[in-house]
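Student: Before I ask anything, let me first share the structure, which is written out below as C-alpha cells.
The values are calculated or read from the model by the stated rules, or taken from the named source; none is laboratory data. From a predicted model like this one, the values you see are computed outputs, not experimental measurements. Here Cβ is always computed from backbone atoms with ideal geometry, including for glycine, and neighbour counts include all displayed protein chains.
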C-alpha cells in the first residue's frame, strides 16, 4: 500500500479569471486500481467559499464535516458569511492543529470576497501551509498533469465562459493521463452574484 | 474469503453475506449471519477481523435503537450511514481501530427510494447502486456494471444476485458456504430464501 494520498485517487483545480473564479474536481472514488464509485464529488460549499478536498476519502469526509460545523458556528457568532481569506486561515490553523497526525488531504479554496469583490484562490499542504497563487491551484493524484495543462491553457483575465472552457479542458485532459482520477467532473464558475455548477461526463474508462 | 454483496432496484435493496465463519483456513460454522438490523429500514452487513465485526455492529445497533427510543422516531438510512461512518472514523484515529468493512442497505421512506452505502475499514463512505466487499468486488462489480439498471424489479435483482454467487462459486478457491439474503423494502426487512446448492458449470 502506497501513500495515503493516493489510495482513493482524485483531482481538483482552481483558477482565477476576470472578476470570476473557477473550481473543478473529478468524481472517482477507488481503492488502489479498483473503482468503487463514480459519483464522489470533492467540492464542498460554505456560503461564499468553495472548498475542494483531495486525498484519503475518509479524511475528505471528516474534514468537510468538520468545516461545515466550524463555518456554521462562525455564521451564528458573526451573523455573516465567512470570507474566503478568513476561511483560508481557518483551514490552515485547523490542519496545523493535527501537525503530528495529519488529515491526509490537500485542500483548495476558491471564492469571491463579497466586501472587496476580488477573486481569491489558495491551496494547502496536509499540515496547513498556505499557497497563495495569482493564477491557479492544483491538487490530487493528477496534480503533475494538472500543472502541465494549466500552465499551457491558462491566461490572465479570462471571462466566465472562457474560464469554464479553460478549467474544464485542463481537468479533463489531466485526469485522462491519470489512472486514479476521472469518471466525470463537477465544475463551478463563481461570479460576484452568480454561481454556475456544471456536471461534465468525461471519459468513462 | 468473506463475501458481502448489495444490490438496489426500483423499490428494494438486496443484501447478501456469506455463511462461512472462518478462522485461518478452517471453517468453524456454515450458517453464520453477518448482518444486523439497525431499525425497521436499515440493515448492516459486515466483514473483517473476527472480534471487531460483531462488537462494532452490535454497538452501532444498540445506539441506533437507543436513538429510536429517545426520540420516538427512526433515523433515516442516510443519517444512519453518516453516524456509522462517524463512529468508524473516530475509532480509526484511536489507539485500537475497528477493522470492519460494511454494507448498509436501507429504504428511505421519505424520498421513497432504496438506499445502499459502501463503507470500508478506513471509514470511506460512498452511496452506490450496487456494492461488494473483499474478493467479491473483483468478480461481481464487473457483472453488476454490465447488467444492473436502477429500475430493475425484485425478480431481476435476484437473478443478478444469482449471477454473482454463481461466478463466486466458480472462481473463489475456498467454499464460502452460500449466502444469507436479506431484502429491505418500504414494508421492512425480511430474510429471503435462497438456494445455495445450484450446480455451477466449471470450465
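Student: What residue, among those in the range A:45-83 that are touching a residue at least 12 places away in the same chain (Cβ under 8 Å), closer than 20 Å to residue A:185 by Cα and more than 14 Å from every other protein chain (Cβ to nearest Cβ), is surrounded by the most Cβ atoms within 10 Å (Cβ to Cβ)?
Tutor: A:52
Student: Let me ask something else about it. Quick one: which residue in A:168, A:106, A:92 is under 20 Å from residue A:71 (Cβ atoms) and outside any strand (DSSP E or B)?
Tutor: Within the list A:168, A:106, A:92, the selection yields A:92.
Student: Mind checking whether some residue in the range B:73-95 is modelled with pLDDT of 95 or more, more than 27 Å from residue B:150 (Cβ to Cβ), out of contact with any strand residue (DSSP E or B) (no Cβ under 8 Å at 6 or more places or on another chain) and more than 14 Å from chain A (Cβ to nearest Cβ)?
Tutor: The answer is yes; a qualifying residue exists.
Student: Would you mind telling me which numbered condition in (1) over 18 Å from residue B:166 (Cβ atoms); (2) within 11 Å of chain A (Cβ to nearest Cβ); (3) surrounded by fewer than 24 Cβ atoms within 10 Å (Cβ to Cβ) residue B:150 fails?
Tutor: Looking at each condition in turn, residue B:150 falls short on (2).
Student: Also: Would you mention how many residues in the range A:131-151 are buried (at least 16 other Cβ atoms within 10 Å of the Cβ) and part of a strand (DSSP E or B)?
Tutor: 5
Student: Picking from B:116, B:161, B:125, B:168, which residue would you name as being buried (at least 17 other Cβ atoms within 10 Å of the Cβ) and without any contact (Cβ under 8 Å) to a residue 60 or more places away in the chain?
Tutor: Result: B:125 is the single residue among B:116, B:161, B:125, B:168 that is buried (at least 17 other Cβ atoms within 10 Å of the Cβ) and without any contact (Cβ under 8 Å) to a residue 60 or more places away in the chain.
Student: Could you check, for the range B:38-48, whether at least one of its residues is over 24 Å from residue B:111 (Cα atoms), surrounded by 17 or more Cβ atoms within 10 Å (Cβ to Cβ), more than 14 Å from chain A (Cβ to nearest Cβ) and in contact with a helix residue (DSSP H, G or I) (Cβ under 6 Å, 6 or more places away or on another chain)? Show your work before the answer.
Tutor: To start, the set of residues in the range B:38-48 that are over 24 Å from residue B:111 (Cα atoms) comprises B:46-48.
Restricting the remaining residues to those that are surrounded by 17 or more Cβ atoms within 10 Å (Cβ to Cβ) gives B:46-48.
Filter again for more than 14 Å from chain A (Cβ to nearest Cβ), leaving B:46-48.
Narrowing the set further to residues that are in contact with a helix residue (DSSP H, G or I) (Cβ under 6 Å, 6 or more places away or on another chain) leaves B:46.
Yes - at least one qualifying residue is present in the range B:38-48.
Student: Can you spot a residue in the range B:51-65 that is out of contact with any strand residue (DSSP E or B) (no Cβ under 9 Å at 6 or more places or on another chain) and either under 22 Å from residue B:170 (Cα atoms) or part of a loop (DSSP other than H, G, I, E, B) (or both)?
Tutor: no
Student: Considering only residues that are in a strand (DSSP E or B) and under 14 Å from residue A:58 (Cα atoms), look in the range B:118-140 and name the one that is farthest from the other protein chains (Cβ to nearest Cβ).
Tutor: Residue satisfying both the conditions and the ranking: B:119.
Student: Among (1) assigned to a strand (DSSP E or B); (2) within 12 Å of another protein chain (Cβ to nearest Cβ); (3) farther than 18 Å from residue B:48 by Cα, which single condition is residue B:107 missing?
Tutor: Going through (1) assigned to a strand (DSSP E or B); (2) within 12 Å of another protein chain (Cβ to nearest Cβ); (3) farther than 18 Å from residue B:48 by Cα one by one, residue B:107 breaks only (2).
Student: Need pairs with beta-carbon distance below 9 Å; first residue under 21 Å from residue A:33 (Cβ atoms) and within the range A:123-150, second modelled with pLDDT under 95 and in a loop (DSSP other than H, G, I, E, B); sequence gap 6+ or separate chains.
Tutor: none
Student: Here's something else I'd like to know. Go through (1) in a strand (DSSP E or B); (2) out of contact with any strand residue (DSSP E or B) (no Cβ under 7 Å at 6 or more places or on another chain) for residue A:179 and report which single condition fails.
Tutor: (1)
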